[in-house]
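Since the structure comes first, as structure tokens, the remarks are kept for the end.
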Amino acid sequence: MLKIFLVEDEFVVREGIKNNIDWAAHGYEFVGEATDGELAFPMIQKLKPDIVITDIKMPFMNGLELGKLIKKEFPWMEIIILSGYAEFDYAKEAISMGAAHYLTKPISGDELIGEIDKLAQKIEKRRLEIRLREKYLKEMEENTREDKKRLFLHMIMGDKNITELIEQAGRLNMDISAIYYNIVLLKIMSSGHTKEEYSQSIVEAWKDISEVLEQKNILIFDRGIEGKAIVYKGDTPEELQKLQENTISSIKEVLKKYPSIEYFGGIGEPVGRLRELNLSFESASHAFAHRYFLEENEILKLEDLQKNYHIKSEEFNISRVDPREVDRKRIIEFLKQGEQDETVYFIGELFNNLGESAVLSNIFRQYIAMDTYFAVAGFVEEMGHNRNEIEEFNVLEGKVDSVEGTAKYLCGIIDKALEIRNTNANKKYNDVVERIMEYIDEHYGDEELSLNFLASHFNFSPNHLSMMFNKQMGVSFIKYLTDYRMNKAKELLRCTNKRSVDISLEVGYKDPHYFSYCFKKYQGITPTQYRNKAGVEDAGND
């Protein structure tokens with residue numbers, strides 16, 4: 001029910017409008033009245049009516065002044081100007097400040113209701129469009145996430161100029177401009193997790209974390225199975241630090257509610273330019289790589305980790321090496337959970353944790369290289385492959401004579417293992433994606449069909465399923481589903497005489513208005529226009 005507010009200084013006119021119209025019978029709620037603009041404005045701020053009917057000539061604040069205030073604060077609010085003055089200048093000014101109608105007094109109740117009814121249709125149409133647009137944008141969130149992922153990659157790779165980045169961010173309604181920046185990488189997972197595992201508690205935890213991070217100077221970017229990248233913005237390093245500390249503290253409190261969830265985060269170093277964001281990402285990635293070396297849940301800075309774990313010594317002394325840091329399980333864990341773009345950070349932190357003196361020892365480097373080789377060989381064989389596939393790494397001679405050479409060898413053999421693992425996974429993913437496509441073919445008419453629904457049905461996390469589908473099909477899940485439904489709708493419009501409302505239900509849209517909205521977004525014309533156009537084309541081909 002639309003709300004009406006009246007501003008009129010003449011008592012008789014005000015009472016007549018208020019009492020001589022059965023507002024409720026016409027579908028309206030009369031919520032308030034005032035004798036002038038000065039009294040009316042605070043009441044309007046509180047009551048937020050949909051339509052304000054106001055006289056022009058009033059003491060203290062006239063109707064035009066009131067209208068300007070209303071339009072500045074509530075641009076969606078509609079205004080009807082009433083006046084006993086029919087001069088053109090009043091009408092012109094009323095229209096220029098955004099009044100919907102300019103009516104001259106005296107006016108009958110029927111005439112006023114007639115104008116209000118026209119305005120109500122306009123308001124309802126606008127509201128429907130807003131609801132449909134919001135629903136559409138919500139359904140298209142997966143596409144937006146992918147666009148944001150690409151933006152983040154461009155921000156940290158430095159392969160686009162600042163103007164291009166700002167324009168790309170603007171299209172996503174994101175403001176990336178700031179004086180100082182920092183990055184925090186955060187991942188949460190179920191205890192004893194696997195990459196594919198679906199956990200409702202993870203979905204809920206991310207939702208709670210997103211609420212904590214829903215602040216003006218924070219941007220969140222999805223990194224798929226690697227969690228989220230949180231970009232902090234600030235005017236000063238102190239402001240940045242305070243914002244970061246407060247939100248990280250809040251995130252830890254949120255995650256205490258989920259005892260079955262493990263988490264780890266790496267905090268970068270602040271930078272003063274957008275083009276330097278890659279430096280912040282580098283330091284955050286090094287810290288983030290420590291999740292393979294620490295058992296506890298933490299969100300840590302690289303400098304703190306280096307203070308705690310870096311062993312400085314002029315001469316190698318094996319007794320000073322922490323045996324936990326040469327545990328093959330660390331490498332096995334990375335082979336199972338890591339990604340190729342993380343390998344260099346993992347090896348870097350492995351070396352940092354072992355200590356400078358250990359890494360400088362040729363004998364110890366050979367030991368680490370051999371241990372890594374056997375870990376990789378065992379991992380490859382467990383996947384059903386022959387260790388001959390890593391034959392190029394069988395010989396160590398000349399490859400571990402330096403720290404740099406050893407790091408290159410370790411990165412190479414681990415990347416090879418990850419490549420084999422990913423090839424295996426892609427075969428499995430092909431099967432899953434084929435099953436998903438079969439499911440869509442059978443159930444595309446179910447309105448509840450969504451990424452989250454399928455993730456639960458096939459026991460994957462939504463992020464992982466989204467990444468997997470996108471990788472296999474080259475498009476996001478929601479785009480594939482929307483294209484599928486729209487093509488089915490076009491087929492039904494061309495080949496049957498079914499009503500648009502029935503076709504809407506058949507292709508998975510219970511709301512025919514929303515179906516029409518989506519179809520027009522997709523095709524550029526309404527379903528009715530498409531059917532008429534198809535009919536004309538078919539006739540022309542006869």
(request) At 1.4 Å probe size, with no ligands or nucleic acids counted, give the accessible surface of Val475 in Å², nearest ten. (result) 50 Å²
(request) Could you please state how large a percent of the accessible area of the chain is carbon and sulfur, counting protein chains only and using a 1.4 Å probe? (result) 50 percent
(request) Under 14 Å from a label point 7 Å along Cα→Cβ of Ser191: give me every residue in the range 251-265 with its amide N that close. (result) 256-263
(request) May I have the convex hull volume per residue, in Å³, for the Cα set of the range 49-180? (result) 165 Å³
(request) Grab the other residues whose beta carbon is less than 10 angstrom from that of Tyr28, score K and R as +1, D and E as -1, and report the net. (result) -3
(request) Write out the trypsin sites (Lys or Arg not before Pro) in the range 442-542 meeting two conditions: DSSP loop, and at most 12 other Cβ atoms within 10 Å of their Cβ. (result) Arg499, Lys510
(message) Using square roots of five times the C-alpha gyration tensor eigenvalues, list the equivalent-ellipsoid semi-axes of the range 411-529 in whole Å, biggest first.
(response) 36, 13, 11
(message) Report the Cα centroid-to-centroid distance between the range 470-495 and the range 107-135 in angstrom, as an integer.
(response) 34 Å
(message) In whole Hz and in residue order, list the ³J(HN,Hα) couplings for the range 292-304 that follow from phi through the Karplus curve 6.51 cos²θ - 1.76 cosθ + 1.60, θ = phi - 60°; x for Gly and Pro.
(response) 7, 10, 10, 7, 7, 6, 8, 10, 10, 8, 4, 5, 5
(message) Please report the accessible area of Ser108 (heavy atoms, 1.4 Å probe, ligands and nucleic acids excluded) in Å², nearest 10.
(response) 50 Å²
(request) For the range 18-169, calculate the relative contact order in percent as a whole number, restricting contacts to Cα pairs under 8 Å that are 6 or more residues apart. (result) 14 percent
(message) For the range 442-542, what does the relative contact order come out to in percent, with C-alpha contacts under 8 Å and a separation of six or more?
(response) 25 percent
(request) Give the ranking of Trp206, Trp76 by solvent-accessible surface, highest area first, calculated with a 1.4 Å probe. (result) Trp76, Trp206
(message) Quick check: net charge around Thr423, other residues with Cβ under 13 Å of its Cβ, Lys/Arg +1 and Asp/Glu -1?
(response) +2
(request) Pull out a ≥ b ≥ c, the square roots of the eigenvalues of the alpha-carbon gyration tensor of the range 1-115, then state rounded if a/c is under 1.5, prolate if not and a/b is larger than b/c, and oblate in the remaining case. (result) rounded
(message) Could you compute the net charge surrounding Phe393? Neighbours are other residues with a C-beta less than 14 Å from the C-beta of Phe393; K and R count +1, D and E count -1.
(response) -3
(message) With every protein chain left in place and a probe of 1.4 Å, what is the accessible surface of Thr482, to the nearest 10 Å²?
(response) 20 Å²
(message) Tell me which of Leu360, Gly109, Ser249 sits at the most positive position along the dipole axis of the chain, charges placed on C-beta atoms (Lys, Arg +1; Asp, Glu -1).
(response) Gly109
(request) Could you grab the relative contact order for the chain? Cα pairs under 8 Å, six or more apart, rounded to a whole percent. (result) 10 percent
(request) Give me the Kirkwood hydrodynamic radius of the chain, using the inverse of the mean 1/r over all pairs of distinct Cα atoms, in Å to one decimal. (result) 28.7 Å
(message) Counting only Cα atoms, I'd like the Rg/Rh figure for the range 346-446, Kirkwood definition for Rh.
(response) 1.23
(message) Once you place label points 7 Å from the Cα toward the Cβ at Tyr136 and His457, how far apart are they in nm?
(response) 2.6 nm
(request) Determine the calculated [θ] at 222 nm for the chain from helices alone, applying -39500 (n - 2.57) to every DSSP H run no shorter than 4 residues and normalising by the residue count; nearest 500 deg cm²/dmol. (result) -18500 deg cm²/dmol
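The values are calculated or read from the model by the stated rules, or taken from the named source; none is laboratory data. Please read all numbers here as calculations on a predicted model, not as lab measurements. For neighbour counting, all protein chains shown are included, and Cβ atoms are generated from backbone atoms with ideal geometry for every residue, glycine included. For the accessible areas, the whole protein counts, side chains as well, though only heavy atoms, and no ligand, DNA or RNA atoms are used. Shrake-Rupley method; radii C 1.70, N 1.55, O 1.52, S 1.80 Å.
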